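Written below as structure tokens is the structure these notes are about.
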Amino acid sequence: MALKAFHVFFVVVSAVLCIALGVWSIHQFRQTQSNEFIWGVVCSFAGLVCLFIYGKWFLHKLRGVSYL
């Protein structure tokens, strides 16, 4: 697997984990009403936005490089 393909895979997996953490934090907040989980939601979705912006930038920068 080429470095570009691995990098895209890693960004996608990281984004999925951010979504999972956000959903889990929302679920925990509904059960406990603890403010710490609100910070988990905010940080995970902020990380998701950052990963999305970075992923678009990375693909644009290396659009001429092959995945293999």
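For Phe58, the stated conditions do not hold, so it cannot be described as open to solvent by 50 Å² or more (accessible area, probe 1.4 Å), at pLDDT below 95 and in a helix (DSSP H, G or I). Checked against (1) in contact with a helix residue (DSSP H, G or I) (Cβ under 8 Å, 6 or more places away or on another chain); (2) open to solvent by less than 70 Å² (accessible area, probe 1.4 Å), Leu21 meets all criteria but (2). Among the residues of region 24-55, the ones that are free of Cβ contacts under 8 Å to residues at least 24 places away in the same chain, open to solvent by 100 Å² or more (accessible area, probe 1.4 Å) and part of a helix (DSSP H, G or I) come to 7 in all. Checked across region 18-41, the condition of being in contact with a Leu (Cβ under 8 Å, 6 or more places away or on another chain) and at pLDDT below 90 holds for no residue.
The values are calculated or read from the model by the stated rules, or taken from the named source; none is laboratory data. Everything numeric in this text was worked out from a predicted model, so none of it was measured. With ideal geometry, Cβ positions are generated from the backbone for all residues, glycine too; neighbour counts draw on all protein chains shown. For accessibility, only protein heavy atoms count, side chains too; no ligands or nucleic acids. Shrake-Rupley method; radii C 1.70, N 1.55, O 1.52, S 1.80 Å.
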